[in-house]
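To keep things clear, I will list the structure first and then write my remarks on it.
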Amino acid sequence: QVQLVESGGDLVQPGGSLRLSCTASGVLFIIYDMGWYRQAPGKQRELVATITSRETTNYADSVKGRFTISRNNAKNTVYLQMNTLKPDDTAVYYCNAKNSYKNYWGQGTQVTVSS
């Protein structure tokens with residue numbers, strides 16, 4: 001059974017930082033491209049950042065220079081370091097694992113940026 005378990009979401013003040021983690025089980029992690037997506041209330045789910053199996057990264061324009069995605073294949077874990085957080089970053093953040101044949105989602109972790 002495939003599971004993606006996110007953690008690290010929290011309430012943080014504007015300008016603060018958080019690190020999200022997503023640990024995968026039941027998959028050969030190293031062959032999957034991993035990503036973080038987010039969905040704010042009343043909005044569609046949107047891409048935040050992705051990292052391929054060869055560790056090529058891609059970011060949404062809104063988070064470039066503030067967020068960093070990374071992966072540790074030995075721990076089956078992908079991370080999202082979020083700095084200089086803004087209220088607009090408030091959303092449920094979802095972890096995604098995909099390759100040519102499969103596409104998996106985690107349950108999400110809430111990030112709230114508010115003073």
Arg38 passes all but one of the listed conditions (1) assigned to a helix (DSSP H, G or I); (2) modelled with pLDDT of 95 or more; the exception is number (1)
When the stretch 87-108 is examined, which residues are found to be in a loop (DSSP other than H, G, I, E, B), of a type outside the set (S, T, N, Q) and in contact with a strand residue (DSSP E or B) (Cβ under 7 Å, 6 or more places away or on another chain)?
-> Gly106, Gly108
Evaluate the following for Ser115: is it small (Gly, Ala, Ser) and either closer than 17 Å to Ala60 by Cα or open to solvent by less than 60 Å² (accessible area, probe 1.4 Å) (or both)?
-> no
What residue, of Thr84, Thr68, is assigned to a loop (DSSP other than H, G, I, E, B), at pLDDT 95 or above, open to solvent by 50 Å² or more (accessible area, probe 1.4 Å) and polar (S, T, N, Q)?
-> Thr84
Selected residue (only one of Ala49, Ala74 is crowded, with 21+ Cβ neighbours inside 10 Å and of a type in the set (A, V, I, L, M)) = Ala49
Read through the list (1) open to solvent by 60 Å² or more (accessible area, probe 1.4 Å); (2) assigned to a loop (DSSP other than H, G, I, E, B), then give the number of the only condition that Val27 fails.
-> (1)
Condition set of a type in the set (A, V, I, L, M, F, W, C) and touching a Phe, Trp or Tyr at 6+ places or on another chain (Cβ under 8 Å), scope the stretch 15-52, selection nearest to Gln110 (Cα to Cα): answer is Leu20
Within the stretch 93-110, the count of residues that are in contact (Cβ under 8 Å) with a residue 60 or more places away in the chain and either small (Gly, Ala, Ser) or buried (at least 18 other Cβ atoms within 10 Å of the Cβ) (or both) comes to 8
Cβ-Cβ below 8 Å, separation at least six or inter-chain, first residue in the stretch 5-23 and at positive phi, second at pLDDT 95 or above and part of a loop (DSSP other than H, G, I, E, B): which pairs?
-> Gly15/Thr84; Gly15/Leu85
Criterion violated by Leu28 - all others in (1) modelled with pLDDT under 95; (2) touching a Gly at 6+ places or on another chain (Cβ under 6 Å) satisfied | (2)
Scan the stretch 53-91 for residues that are closer than 17 Å to Ser25 by Cα and touching a residue at least 60 places away in the same chain (Cβ under 8 Å) and jot them down.
-> Tyr79
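The values are calculated or read from the model by the stated rules, or taken from the named source; none is laboratory data. Predicted model only: the values in this text are computed from it and were never measured. Note that we place each Cβ from the backbone using ideal geometry, even for glycine, and neighbour counts take in every protein chain shown. Surface areas here come from the heavy atoms of the whole protein model, side chains and all, with no ligands, DNA or RNA. Shrake-Rupley method; radii C 1.70, N 1.55, O 1.52, S 1.80 Å.
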